[in-house]
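Report on the structure given below.
The values are calculated or read from the model by the stated rules, or taken from the named source; none is laboratory data. None of the values given here were measured: they were computed from a predicted structure. Using ideal geometry, Cβ is built from the backbone for each residue, glycine included, and neighbour counts are taken over all protein chains shown.
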Amino acid sequence: MTSSVAAAGERPTTCCGRFAPSPTGWLHFGSLVAAVGSFLDARASGGRWLLRIEDIDPQRNVAGAADAILRALAGLAFEWDGEVLYQSRRVDAYRAALSQLRDSGDVYPCACSRREIAARAPAVGIDGGLVYPGTCRSGLPPGRCARSWRMVAPAQEISFGDRVHGTQRQDLAAVVGDFILLRADGQFAYQLAVVVDDAAQGIDSIVRGADLLDSTPRQIWLAQRLQLPIPAYAHLPLVSNAAGEKLSKQTRAQAIDPAAGSPLLAAALEFLGHVVPADVRHAPLPEFWRWAIANWSIMRVPARRSATIGHRLPP
Ligand code: GLU
C-alpha cells in the first residue's frame, strides 16, 4: 500500500472558516461548541467566518429549524460574513461534480440494495456501516438498473494532520469501501455536498465536531479527485450527556436559550479548554467576544473525541 499524505494540517495565517449546521433540530449546547470554536478560530486569525445550512436531506429537515438556528446565533451576537448558503439550492453544483467524477472514472452506478449487501456478509466499517464488497465496481449485473452512484475508494492510506488530534490515517478501502455519492432516493450524499460547498465558499480551515473525524479522509479523497484545494482540519470534542451519549436531537438535547448570553458562551469556551475570568463571563456580549477572540488558542482544546460537561449549564 502506498501512502498518500493529503493535508499538512497547518491552517493559513488568515483563514476562512465556517459553521455548517444541519437543520434537523434547534441549536443545542453541542452545536454551540462547534459554532464558538469555528468562529473564534477564524476571527482570531483576522479571517472570515461563513454560515451554511446543510438542508440537503429533506427527510431529516425540521420545519423552522434553520431560521431558529440563525436567530439563536444572532441572539448571541455571532457575526457572519456574506449570505448564508443553503445546500438545498446547490443541487446543480453537486450534479456537475458527480459528472466530473464520472468523466474521470472515479464513480460507478450500483444496483445493490442494503439487503443484498448485508447478505454478502461484508466487513463492518469504521462507522458501524457495512463495507461495500465492490459487487458493481466492474459493471452492473445483467438486467439490473442503477440505484445509486458510488465513489471508488483508493487502495491507499489517506493521512492528514488534524490541528487538535494530530496525524490521522485511514485505509479507506478497508474500513469504508466504495461510498455513495448519489443515493437511491435521488439525494446527493453529505460527503459530496460538503466538499463541493467548502471549495465554492473558499473555506480553507474547517473546525467542527469530532463525529466527522472519520469522514475526513473521504472528503480529502473527493477533494483530490475533483482537483479542489484541501482545507486544514480541526475536530473539537463532542459534548456528551451524563449517560455518555452525544448531545443531539436523538438524545433529546435541549435547545439553547440565547438570552443566557455570555455565561452560556463562557461554558462553551471552557468546554474547549479555556479559562474565562468571572468578569468576562458576566460581561455584555461584545465585550465577551472581544476577550474570547483575543484569548483563543486551539492548542488548549483537549484532544478527545468527546467529553461530558464539567459543570451545570447556565439556565
Ligand atoms: N452539517 C453537519 C452537522 O450539523 C456538519 C458538517 C460539517 O461541519 O462538515 O453535524
Write out, first by first residue and then by second, each pair whose Cβ atoms fall under 6 Å of each other, whose residues are 6+ apart or on separate chains, and whose first residue, in region 94-107, is under 22 Å from Ala173 (Cβ atoms) while the second is part of a helix (DSSP H, G or I) and modelled with pLDDT of 95 or more.
Ala97/Val196; Asp106/Arg225; Val107/Leu101
Can you tell me how many residues within region 37-60 are of a type in the set (Lys, Arg) and in a loop (DSSP other than H, G, I, E, B)?
1
Out of Ala96, Ala63, Ala74, report the one residue that is within 28 Å of Gly25 (Cβ to Cβ), small (Gly, Ala, Ser) and not in a loop (DSSP other than H, G, I, E, B).
Ala74
When region 37-60 is checked residue by residue, the ones that are under 21 Å from Thr24 (Cα atoms) and either among the aliphatic types (A, V, I, L, M) or out of contact with any helix residue (DSSP H, G or I) (no Cβ under 9 Å at 6 or more places or on another chain) (or both) are Ser38, Leu50, Leu51, Ile53, Ile56, Gln59, Arg60
Unique match (being more than 16 Å from the ligand (Cβ to nearest atom) and modelled with pLDDT under 95) among Glu79, Glu83, Glu10:
Glu10
Checked region 205-215 for anything more than 9 Å from the ligand (Cβ to nearest atom) and of a type outside the set (A, V, I, L, M, F, W, C); matches are Ser205, Asp214
Residue identified as surrounded by fewer than 20 Cβ atoms within 10 Å (Cβ to Cβ) and within 13 Å of the ligand (Cβ to nearest atom) among Gln156, Gln250, Gln224, Gln219:
Gln250
Test Ser240 against the criterion of being within 24 Å of Arg60 (Cα to Cα), touching a residue at least 24 places away in the same chain (Cβ under 8 Å) and either within 11 Å of the ligand (Cβ to nearest atom) or buried (at least 18 other Cβ atoms within 10 Å of the Cβ) (or both), and give yes or no.
yes
Can Asp41 be described as within 18 Å of the chain's Cα centre (by Cα) and either charged (D, E, K, R) or modelled with pLDDT under 95 (or both)?
yes
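Residues checked against (1) in contact (Cβ under 8 Å) with a residue 60 or more places away in the chain; (2) under 13 Å from Ala232 (Cα atoms):
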| site | (1), (2) |
| --- | --- |
| Ala173 | no, no |
| Val176 | no, no |
| Arg183 | no, no |
| Ala189 | no, no |
| Leu192 | yes, no |
| Asp198 | yes, yes |
| Arg208 | yes, yes |
Hey, can you tell me all the residues within region 178-204 that are of a type in the set (Gly, Ala, Ser), away from the ligand (no atom under 12 Å from the Cβ) and surrounded by 23 or more Cβ atoms within 10 Å (Cβ to Cβ)?
none
Quickly run through region 77-93 and pick out the residues that are among the β-branched types (Val, Ile, Thr) and assigned to a helix (DSSP H, G or I).
Val91
Do we find a residue being surrounded by 14 or more Cβ atoms within 10 Å (Cβ to Cβ) and under 17 Å from Val152 (Cα atoms) anywhere in region 117-124?
yes
